[in-house]
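Enquirer: Please see the structure below; I have some questions.
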Amino acid sequence: MNVSGRIPDALFNLTNLVNLNLSRNILNGSIPEDIHKLKHLRILSLDKNQFSGNITPSIGNLTNLTYLSLGTNRFSGGIPSTVGSLTLLEQLYIDSSGLSGPLPSDLANMTSLKKLWAFDNDFTGNLPESIGQLTNLTDLQIYGTSLEGPIPKNFSALTKLETLKLGDLSGADSNLLFLENMKSLFTLSLRNCQVADEIPTFLRNFSNLTYLDLSFNKMHGSIPNLFGKLTTLQYLFLGNNALSDLFPSEVLTENKNLTTVDVSFNNISGSLSSNDLRAGLSMNYIGTSMNRQSDSEPFLKCIEMESSPCTSNYPSAASSFSVNCGGKELSLSGIDFFSDTAPLGMADFYISSNHRWAVSSSQSFISKSNGSNFIVNTDEPMPKIYQTAEFQQGP
């Protein structure tokens with residue numbers, strides 16, 4: 001609607017209002033304290049605006065709410081403890097909203113809650129055990145924060161979860177035992193959670209799992225071939241761990257539904273045949289001892305060093321932004337332009353034909369709302385020069 005300005009006071013005279021949707025506008029200022037007058041509200045959508053200031057505690061008086069969306073705003077301060085009064089709430093979206101401070105223990109009172117999105121905020125303190133009491137949750141997403149681990153053991157009670165995305169936890173290590181009975185999961189992401197464990201064999205019982213991300217952790221041991229039997233699995237991210245031994249190539253041949261595999265920067269080895277790397281499979285194994293084309297070996301070793309000699313030997317490798325424009329290599333006014341025609345999927349690596357630059361993609365993700373870690377690969381209709389763009393950390 002592109003409505004700008006502040007919420008008008010006259011709105012709070014509509015005391016029988018049940019559904020208030022002001023999302024996707026340019027509204028600013030704080031949420032007025034008089035919001036509590038709309039005591040019959042069941043749905044309140046204020047997301048994707050420019051609201052600022054603290055969230056008024058009077059929002060806790062809207063005890064009939066079943067849906068509350070405050071995401072993508074510019075709030076400050078923390079979540080008021082009064083939200084614990086919203087015991088009928090089933091969906092709470094506070095993602096990318098500028099909030100900070102600890103997640104209040106009062107969240108445990110919201111026992112009807114099914115969906116909680118709290119990612120991309122500056123929350124601090126420990127990931128609270130109180131969330132483990134929300135046993136009706138089906139969708140829990142908390143990442144891109146400053147929260148600390150470990151992941152509470154009582155999260156094992158969240159057996160109705162279909163989507164679990166936790167990430168960017170500092171502090172103490174976690175293990176994966178809490179997952180054992182979460183057999184309804186479709187999406188499981190524990191990226192950068194200080195997980196120090198082996199890949200558990202009970203994952204073979206997760207018959208609905210389509211997406212698994214355990215990357216940027218302290219995972220050790222070998223990669224089990226259970227992923228070949230888990231035929232629902234399409235996306236597998238295990239990069240940047242301490243996994244070792246041979247990579248089980250039968251994972252690729254037995255599971256024809258796998259489209260994306262990232263095992264980069266692990267201590268694994270093995271050989272992949274042309275049959276293993278079938279059409280439609282995007283695989284990143286850079287930073288491992290798995291086989292690769294011999295003519296690329298020196299450059300691959302260089303970019304895997306993560307140290308300055310790489311950029312001194314290959315000055316163009318210092319670049320950290322690439323746009324796939326297609327086209328052929330050419331020289332113009334003494335400047336060489338190198339083609340980038342390879343399709344780079346969510347997990348892949350690409351080396352230019354002259355070995356002067358390379359790019360490694362390890363999943364599409366946004367871990368901070370400021371975009372400091374941001375990768376996009378899209379085939380949406382748009383001018384060709386923008387058809388594939390990647391913004392990522394340099395080698």
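Enquirer: Output the residues belonging to region 175-203 that are surrounded by fewer than 21 Cβ atoms within 10 Å (Cβ to Cβ), touching a strand residue (DSSP E or B) at 6+ places or on another chain (Cβ under 6 Å) and not in a loop (DSSP other than H, G, I, E, B).
Expert: Thr187, Glu198
Enquirer: Run Ser30 past the list (1) crowded, with 17+ Cβ neighbours inside 10 Å; (2) farther than 22 Å from Leu113 by Cβ and report the number of the one that doesn't hold.
Expert: Ser30 satisfies every listed condition except (1).
Enquirer: Quick check: is even one residue across region 204-213 closer than 18 Å to Gln141 by Cα and surrounded by fewer than 22 Cβ atoms within 10 Å (Cβ to Cβ)?
Expert: Yes, some residue in region 204-213 is closer than 18 Å to Gln141 by Cα and surrounded by fewer than 22 Cβ atoms within 10 Å (Cβ to Cβ).
Enquirer: Among the listed residues Leu212, Leu164, which satisfies the condition of being in the same structural domain as Val251 (by TED's automatic domain parsing), assigned to a strand (DSSP E or B), without any contact (Cβ under 8 Å) to a residue 60 or more places away in the chain and of a type in the set (A, V, I, L, M, F, W, C)?
Expert: So the residue among Leu212, Leu164 that is in the same structural domain as Val251 (by TED's automatic domain parsing), assigned to a strand (DSSP E or B), without any contact (Cβ under 8 Å) to a residue 60 or more places away in the chain and of a type in the set (A, V, I, L, M, F, W, C) is Leu212.
Enquirer: Also, quick follow-up: Please specify each residue of region 44-60 satisfying the condition of being surrounded by 18 or more Cβ atoms within 10 Å (Cβ to Cβ) and more than 20 Å from Phe119 (Cα to Cα).
Expert: Listed by number, the residues that qualify are Ile59, Gly60.
Enquirer: Examine region 111-131 for a residue that is in contact with a helix residue (DSSP H, G or I) (Cβ under 9 Å, 6 or more places away or on another chain), β-branched (Val, Ile, Thr) and within 25 Å of Gly78 (Cα to Cα), and state whether such a residue exists.
Expert: There is at least one residue in region 111-131 that is in contact with a helix residue (DSSP H, G or I) (Cβ under 9 Å, 6 or more places away or on another chain), β-branched (Val, Ile, Thr) and within 25 Å of Gly78 (Cα to Cα).
Enquirer: I need every pair where a residue in region 172-187 that is closer than 23 Å to Gln234 by Cβ has its Cβ under 7 Å from the Cβ of a residue that is among the basic types (Lys, Arg) and at pLDDT 95 or above, sequence separation at least 6 or different chains.
Expert: Listed pairs, sorted by first residue: Ser184/Lys160; Thr187/Lys165.
Enquirer: Residues that are within 24 Å of Pro152 (Cα to Cα) and among the basic types (Lys, Arg): does region 58-75 have at least one?
Expert: No, every residue in region 58-75 fails to be within 24 Å of Pro152 (Cα to Cα) and among the basic types (Lys, Arg).
Enquirer: Taking region 68-81 on its own, how many of its residues are of a type in the set (A, V, I, L, M) and in a loop (DSSP other than H, G, I, E, B)?
Expert: 2
Enquirer: Next up: Would you confirm, using the coordinates I've provided, whether Asn154 is touching an Asp or Glu at 6+ places or on another chain (Cβ under 7 Å), part of a helix (DSSP H, G or I) and at pLDDT 95 or above?
Expert: yes
Enquirer: So for region 2-13 (the condition being of a type in the set (A, V, I, L, M) and over 33 Å from the mean Cα position of the chain (by Cα)), does at least one residue qualify?
Expert: The answer is yes; a qualifying residue exists.
Enquirer: On to the next question. So which residues in region 82-120 are modelled with pLDDT of 95 or more, polar (S, T, N, Q) and either surrounded by 17 or more Cβ atoms within 10 Å (Cβ to Cβ) or assigned to a helix (DSSP H, G or I) (or both)?
Expert: Thr82, Ser85, Gln91, Ser96, Ser97, Asn109, listed by residue number.
Enquirer: Return yes or no: is Leu41 at pLDDT 95 or above, in a strand (DSSP E or B) and either of a type outside the set (Phe, Trp, Tyr) or surrounded by 16 or more Cβ atoms within 10 Å (Cβ to Cβ) (or both)?
Expert: When the stated conditions are applied, Leu41 does not pass them.
The values are calculated or read from the model by the stated rules, or taken from the named source; none is laboratory data. Only a predicted model underlies this, so the values are computations on that prediction, with no experimental measurement involved. Neighbour counts are summed over all protein chains in view; Cβ atoms, including those assigned to glycine, are modelled from backbone coordinates with ideal geometry.
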